[in-house]
Amino acid sequence: MNSELQTLFRADQDERTNHPQVGTSEYSALRERDAERRKRLQMIIESKELTEAEDYYIAAWLLNHGEMVAEIWQAHTLAKKAAELGLRRARWLAAATFDRWLMYQGKPQKYGTQLVPDGKRQRIWDVDPTTSDAERAEWDVPSLAEMERRAEEVTRTEAMPPMGDAPEWLKDALLRWRAEDEKRA
């Protein structure tokens, strides 16, 4: 396995042990370090230094923290490659990056892996209703009922991030969800 990738991955994971709250200067600094890791990762990828399933998995994980649709799609293709090479835990990451890629475009996710704040609680990002729990299980993704429980737990245990700095895809969803809530009321 690529030792530089291991170092990048350890740094990424260590920084998330005590994840800074969104909207703080510490969070902004984390995102800058994430961007630097992704920049170095792109050099490793361009040099064709990914050779083992674990390399593809780590590269996908680092890109999963990206902010651009193209980075998330690349994360998905790398995670899928790791899964195809036999790395079982890459299956969930392939599903999660696919969901994130859809979410960043404002589309419903397929598997239901992505939770987002709506200003009041954490919720599952909109999900394609045609995906079954059996299909989720094929990719090692929990059922939607389990994801609902996780969203409730995160709502209870984590502070709501400031919504003013939310990305456009989330701001658009917040407006849509409010309109849907008003129609129901």
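Values computed for the structure shown
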quantity	calculated
³J(HN,Hα), Karplus 6.51/-1.76/1.60, whole Hz, each residue of region 122-129, x for Gly, Pro	8, 9, 6, 4, 3, 10, 4, x
Out-of-range pairs (alpha-carbon distance over 28 Å; input K81/K110; K81/K107; K80/K171)	K80/K171
Nearest-ten-degree value, helix 53-64 long axis tilted from longest Cα axis of the chain	40 degrees
Using alpha-carbon coordinates, inclination of helix 3-15 to the longest axis of the chain, degrees	30 degrees
Percentage relative contact order, the chain, counting C-alpha pairs under 8 Å, at least six apart	15 percent
Protection proxy ranking of 43-52, 68-77, 133-142 - average other beta-carbon atoms within 10 Å, highest first	68-77, 133-142, 43-52
Per-residue HN-Hα couplings for region 68-77 [Karplus 6.51, -1.76, 1.60; θ = phi - 60°; Hz; x = Gly/Pro]	10, 3, 5, 5, 5, 5, 4, 4, 4, 5
Distance from region 36-68 to region 81-139 (C-alpha centre basis), Å	20 Å
Hz values of 3J(HN,Hα) by residue in region 148-158 - Karplus curve (6.51, -1.76, 1.60), Gly and Pro given as x	4, 4, 5, 4, 5, 5, 5, 4, 6, 9, 10
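A short reminder: the numbers here are calculations on the coordinates, not readings from a lab. In this text the structure is predicted, and so the values were computed from the model without any measurement. Backbone-built Cβ (ideal geometry, glycine too); neighbour counts: all protein chains shown.
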